[in-house]
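**Student:** Here you go, one structure.
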2 protein chains.
Amino acid sequence: MLLLHRAVVLRLQQACRLKSIPSRIYIQACSTNDSFRPQYPSLTFSGDNSSTRGWKVMGTLLGLGAVLAYQDHRCRAAQESTRIYTKEEVSSHTSPETGIWVTLGSEVFDVTEFVDLHPGGPSKLMLAAGGPLEPFWALYAVHNQSHVRELLAQYKIGELNPEDKVAPTVETSDPYADDPVRHPALKVNSQRPFNAEPPPELLTENYITPNPIFFTRNHLPVPNLDPDTYRLHIEGAPGGQSLSLSLDDLHNFPKYEITVTLQCAGNRRSEMTQVKEVKGLEWRTGAISTARWAGARLCDVLAQAGHQLCETEAHVCFEGLDSDPTGTAYGASIPLARAMDPEAEVLLAYEMNGQPLPRDHGFPVRVVVPGVVGARHVKWLGRVSVQPEESYSHWQRRDYKGFSPSVDWDTVDFDSAPSIQELPVQSAITEPRDGETVESGEVTIKGYAWSGGGRAVIRVDVSLDGGLTWQVAKLDGEEQRPRKAWAWRLWQLQAPVPAGQKELNIVCKAVDDGYNVQPDTVAPIWNLRGVLSNAWHRVHVFVAP
Amino acid sequence: MLLLHRAVVLRLQQACRLKSIPSRIYIQACSTNDSFRPQYPSLTFSGDNSSTRGWKVMGTLLGLGAVLAYQDHRCRAAQESTRIYTKEEVSSHTSPETGIWVTLGSEVFDVTEFVDLHPGGPSKLMLAAGGPLEPFWALYAVHNQSHVRELLAQYKIGELNPEDKVAPTVETSDPYADDPVRHPALKVNSQRPFNAEPPPELLTENYITPNPIFFTRNHLPVPNLDPDTYRLHIEGAPGGQSLSLSLDDLHNFPKYEITVTLQCAGNRRSEMTQVKEVKGLEWRTGAISTARWAGARLCDVLAQAGHQLCETEAHVCFEGLDSDPTGTAYGASIPLARAMDPEAEVLLAYEMNGQPLPRDHGFPVRVVVPGVVGARHVKWLGRVSVQPEESYSHWQRRDYKGFSPSVDWDTVDFDSAPSIQELPVQSAITEPRDGETVESGEVTIKGYAWSGGGRAVIRVDVSLDGGLTWQVAKLDGEEQRPRKAWAWRLWQLQAPVPAGQKELNIVCKAVDDGYNVQPDTVAPIWNLRGVLSNAWHRVHVFVAP
């Protein structure tokens, strides 16, 4: 009986993998003034009809699978539904050895036997092991159906202790004490300041990254700003007038909405560390995400303060309202030419995916500089000025620059390199994961690709043999506008696994419309800060016998 | 005595190598309506004072060297000065075995013994072996001094036969019969149509490439156009007016002058051929050159014909006045957005390095599209129109596109790839040459680096050990304007040769201000047309014991 169930579910898994992902899912659960609050998501699909149909088919199949597969759990579930567990007990059940437990509302479920049957793959369910399902269900519309809840009910083993509420232990001396609550799926690289990335298998699940798992790169504690008293100071041009803009004032400028991918300069730094130690957070492939940003155009706001493009080089300097104990704020700058170019579409954004910015992403206002390194997209924006020179901020002048592999901390001259603005072409594999075992027969490879400066990704080549031979992946995601391809392309390739192959060295490399390519290897682009890590991405997997 | 001479000359050679090259030498010998006519060059230096002083010092030293070194040739020269030789005889003396002969005016010289003493290096003098010196002296200002002529006089062996005039054998049926005469230093990849590149050691001798050795990429016979009757047809916008512009009309638009590097998409194709056969001319590293171009801005001319930037994608199509036997003209297009952007500085150029365009470079008018592949810089421009689609020319739609290494002539779908516009970052080593033997002690490595789209070259890394360790080269050439770095940087590195090293694997790679880098190897960017060959450039040399 179980064998039959497994065969049905495997076919279901295949069906799910072969269909295309809906191109946009807006998750309205992303709330304003605080990050993730577990609740049932209210979902809006704006994909094309075929995708919506795809999900319906999948839902139906999933319902069928549920009925067939899990009948045998009813008995045990009924017997154990009255037991009471603490959150701590639940959180200790995160492996096949201890059992894999999850919660939904006040109910506790033992899903150990279901993990391998999870239609979305075991690894995605494992992200929730030992804790609540809500944050994950909020990301996956498919769960919001009655048959999924029926399926889960088979695995109920008890209830959460109603008195089990963790008292918040706020240390008032801790500048990070007031940081928002984050989504449990995020892989944390640093708690203070908070730096975290979504796991690869969630990253490319949606073209638009849901707000709760958008990668977070903070340099300082998150300020807690009152939208009613918030003011943005724009220093006026000589002869012009300085502005002190409320949120309402900003809303009065024409509103623009664009899809933009943000990438940290340190994305994929962990691969550089494998060559030689570098200074910086150990980002894997997830320091990149995509959102719909809306706000006023920087060029409109600057024009109102009397600024215009000038022949001499000038820079627009941004200052955040986040600051260190000495009162030094985060800062960065971009060239005035980019800021004043309407085609460059630089925004003072107050919305992210249709919602006010989450606190971790700059509430109430951040800069969005399409095609440019994340470090210039200053969050919690407090002040904008036009200067003859770049921002004097540490992060503009003594960080976020690239150097030759020969330069070390004894010889580095930060003034000798330009600050990173546009980023080079990038791509990475998100599925399968390094070290994973894939089925023989056919392998599905997924990933993302993006380039800086509005250059569109025109091709992704994938190799199964370490780069000897290549196949062209299928590009998904929104159509790119010429010279304004601000957002990534997701891609996938279904390829036959060569017969008799015991392992695969999967490699991807992207090409942008300037026909820029990624370098083959990491060592020759190694640099002491571990930025600009865009060599071919390589994943080694085993093939199931 | 000869030993003393050699020591003096070697010191002279060193002195020359260590000094910087004057940044601009305009050679006014480059004439309008025909390419190179041997004559003494009239030279204008516009480098800084220190460079000019550098040349004067060199000249003086050279004079001294001449007096010291070549006294012993006087006798023999006096004895042999009356002998008469045919051009054919001279042209058969091009090697140490046969003797190395050159001519200047009507005089014949045997410079076999001087070749190794040539202050500019033996390889440069060898370019003139068997023929006239004039075309080369026109490129090298330093020869235009009396003591150089005195030096040469020592080697005179006779006179050219005054009756030895080669009758031109024009075949009227040959469409290429009227092509201009070219500079003998050019390395010819194809005579009909004419395609040729300067040898590497001449290419980076000057920041501005002298017109006679600027690489030439013709697709068809060179038209012979009368500047007085020439008309450029600009198709008017709907509601606008078509224009028929004479050269004088074009001169009436505001004149802009910019330094722009042109590169053929096939530059360095010969390295791809080494991986696997490709279709195309075997360009080495010389299908790239730099000139000062002057003309009217395309945006001004289009505006006068009623064109303006529109929201929908459109293209500016160019048609040349060169055509094949069926009457099909060369054609290409660029996006209207680039054409109309004053910052993109697209020119309808009528001057090249202060002279009317040479015939091989589009006389009387060509397009210059800064930062974009050479194929779009349409020469002998006859017609400009704005279309909703790209040019239907073969060269826009069925050529000059990049593909995955997996694509062959059976599977290629030209519609699947965008036409090449901006080119990726590029660099190459011009000195030393592959297979050369360099002195132990110190090696000087020279080359060029350039990137498309106005992206400035910010760094060139050079390796002597095949890419294991790197040193940063010194960048020469003009300061680059932000976002408008249309011209190359020349670079050089003086590096100690590691003791005991018998050979060096010299490698260079450049980085542009979008931090794009060159790929490590050729095979993964191989494509069936052999375009976009921008892997690290590698040169293998031997070290003299």
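**Student:** Taking the residues in segment B:524-533 that are at the interface with chain A (Cβ under 8 Å from one of its Cβ atoms) and in contact with a helix residue (DSSP H, G or I) (Cβ under 9 Å, 6 or more places away or on another chain) as candidates, determine which candidate is surrounded by the most Cβ atoms within 10 Å (Cβ to Cβ).
**Tutor:** B:532
**Student:** Next question. Of everything in segment A:422-435, what is assigned to a loop (DSSP other than H, G, I, E, B) and more than 8 Å from chain B (Cβ to nearest Cβ)? Give them in sequence order.
**Tutor:** Result: A:432, A:433, A:434, A:435.
**Student:** Output the qualifying pairs, or none if there are none: Cβ atoms under 6 angstrom, residues six or more apart or on different chains, first residue in segment A:82-111 and touching a residue at least 60 places away in the same chain (Cβ under 8 Å), second residue of a type in the set (Phe, Trp, Tyr).
**Tutor:** A:90/A:101
**Student:** Right, here's the next one. Scan segment B:476-488 for residues that are away from chain A (no Cβ under 11 Å) and buried (at least 16 other Cβ atoms within 10 Å of the Cβ) and jot them down.
**Tutor:** Of everything in segment B:476-488, those that are away from chain A (no Cβ under 11 Å) and buried (at least 16 other Cβ atoms within 10 Å of the Cβ) turn out to be B:476, B:477, B:478, B:485, B:486, B:487, B:488.
**Student:** Still on this model: When you go through A:119, A:96 one by one, which is the residue that is within 22 Å of residue A:437 (Cβ to Cβ), buried (at least 16 other Cβ atoms within 10 Å of the Cβ) and not assigned by the TED database to the domain that holds residue A:205?
**Tutor:** That would be A:119, the only listed residue that is within 22 Å of residue A:437 (Cβ to Cβ), buried (at least 16 other Cβ atoms within 10 Å of the Cβ) and not assigned by the TED database to the domain that holds residue A:205.
**Student:** How do the strands (runs of 3 or more DSSP E) wholly within segment A:473-515 filter down when requiring 1 or more residues that are modelled with pLDDT under 95: which remain?
**Tutor:** Of the strands (runs of 3 or more DSSP E) lying wholly inside segment A:473-515, those with at least 1 residues that are modelled with pLDDT under 95 span A:474-476.
**Student:** Right, here's the next one. So if I check each of A:237, A:294, A:305, which one is of a type outside the set (S, T, N, Q), in contact (Cβ under 8 Å) with a residue 12 or more places away in the chain, surrounded by fewer than 22 Cβ atoms within 10 Å (Cβ to Cβ) and touching a His at 6+ places or on another chain (Cβ under 7 Å)?
**Tutor:** The unique qualifying residue is A:237.
**Student:** Name the one entry in B:206, B:211 that is buried (at least 18 other Cβ atoms within 10 Å of the Cβ) and closer than 25 Å to residue B:122 by Cβ.
**Tutor:** Just a single option satisfies the conditions, and that option is B:206.
**Student:** When segment B:241-252 is examined, which residues are found to be under 29 Å from residue B:454 (Cβ atoms) and touching a residue at least 60 places away in the same chain (Cβ under 8 Å)?
**Tutor:** Matches in segment B:241-252: B:243, B:247, B:250, B:251.
**Student:** If you take the residues in segment B:436-454 that are outside any strand (DSSP E or B) and more than 8 Å from chain A (Cβ to nearest Cβ), which one is surrounded by the most Cβ atoms within 10 Å (Cβ to Cβ)?
**Tutor:** B:451
**Student:** Residues of segment A:262-305 being in contact with a Phe, Trp or Tyr (Cβ under 6 Å, 6 or more places away or on another chain) and β-branched (Val, Ile, Thr), which ones?
**Tutor:** Passing the criteria: A:275, A:290.
Let's see how each residue does on (1) within 9 Å of chain A (Cβ to nearest Cβ); (2) charged (D, E, K, R):
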position: B:370; (1), (2): no, no
position: B:383; (1), (2): no, yes
position: B:394; (1), (2): no, no
position: B:400; (1), (2): no, no
position: B:406; (1), (2): yes, no
position: B:410; (1), (2): no, yes
position: B:419; (1), (2): no, no
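**Student:** May I ask you to list pairs of residues, at least six apart or on different chains, whose Cβ atoms are under 7 Å apart, with the first in segment A:461-473 being at negative phi and at the interface with chain B (Cβ under 7 Å from one of its Cβ atoms) and the second being outside any loop (DSSP other than H, G, I, E, B) and of a type in the set (D, E, K, R)?
**Tutor:** Hits for this filter: A:461/A:509; A:470/A:461; A:472/A:459; A:472/A:461.
**Student:** With B:321, B:262, B:281 as the choices, which residue is touching a helix residue (DSSP H, G or I) at 6+ places or on another chain (Cβ under 9 Å), closer than 30 Å to residue B:192 by Cβ, more than 14 Å from chain A (Cβ to nearest Cβ) and outside any loop (DSSP other than H, G, I, E, B)?
**Tutor:** Among B:321, B:262, B:281, only B:262 is touching a helix residue (DSSP H, G or I) at 6+ places or on another chain (Cβ under 9 Å), closer than 30 Å to residue B:192 by Cβ, more than 14 Å from chain A (Cβ to nearest Cβ) and outside any loop (DSSP other than H, G, I, E, B).
**Student:** So, in segment B:324-339, how many residues would count as being of a type in the set (A, V, I, L, M, F, W, C), within 17 Å of residue B:453 (Cα to Cα) and in a strand (DSSP E or B)?
**Tutor:** Matching residues across segment B:324-339 total 1.
**Student:** Only one of B:153, B:128, B:177 is touching a residue at least 40 places away in the same chain (Cβ under 8 Å) and either closer than 25 Å to residue B:216 by Cα or assigned by the TED database to the domain that holds residue B:193 (or both). Can you tell me which?
**Tutor:** So the residue among B:153, B:128, B:177 that is touching a residue at least 40 places away in the same chain (Cβ under 8 Å) and either closer than 25 Å to residue B:216 by Cα or assigned by the TED database to the domain that holds residue B:193 (or both) is B:128.
**Student:** Does residue A:329 meet the test of being in the same structural domain as residue A:228 (by the TED database) and out of contact with any Leu (no Cβ under 9 Å at 6 or more places or on another chain)?
**Tutor:** No, not satisfied.
**Student:** Hey, another quick one. Collect the residues in segment A:490-523 that are within 29 Å of residue A:342 (Cα to Cα) and within 14 Å of chain B (Cβ to nearest Cβ), keeping them in residue-number order.
**Tutor:** A:510, A:511, A:512, A:513, A:514, A:515, A:516, A:517
**Student:** Is it fair to say residue A:282 is over 27 Å from the mean Cα position of the chain (by Cα), surrounded by fewer than 21 Cβ atoms within 10 Å (Cβ to Cβ), among the acidic types (Asp, Glu) and not assigned by the TED database to the domain that holds residue A:449?
**Tutor:** Against the criterion (over 27 Å from the mean Cα position of the chain (by Cα), surrounded by fewer than 21 Cβ atoms within 10 Å (Cβ to Cβ), among the acidic types (Asp, Glu) and not assigned by the TED database to the domain that holds residue A:449), residue A:282 does not qualify.
Yes/no matrix, rows are residues, columns are (1) more than 20 Å from residue B:373 (Cα to Cα); (2) not in a helix (DSSP H, G or I):
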| residue | (1), (2) |
| --- | --- |
| B:188 | yes, yes |
| B:196 | no, yes |
| B:201 | yes, no |
| B:206 | yes, yes |
| B:209 | no, yes |
| B:212 | yes, no |
| B:222 | yes, yes |
| B:227 | yes, yes |
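The values are calculated or read from the model by the stated rules, or taken from the named source; none is laboratory data. Everything quoted here is computed from the prediction, not taken from an experiment. For neighbour counting, all protein chains shown are included, and Cβ atoms are generated from backbone atoms with ideal geometry for every residue, glycine included.
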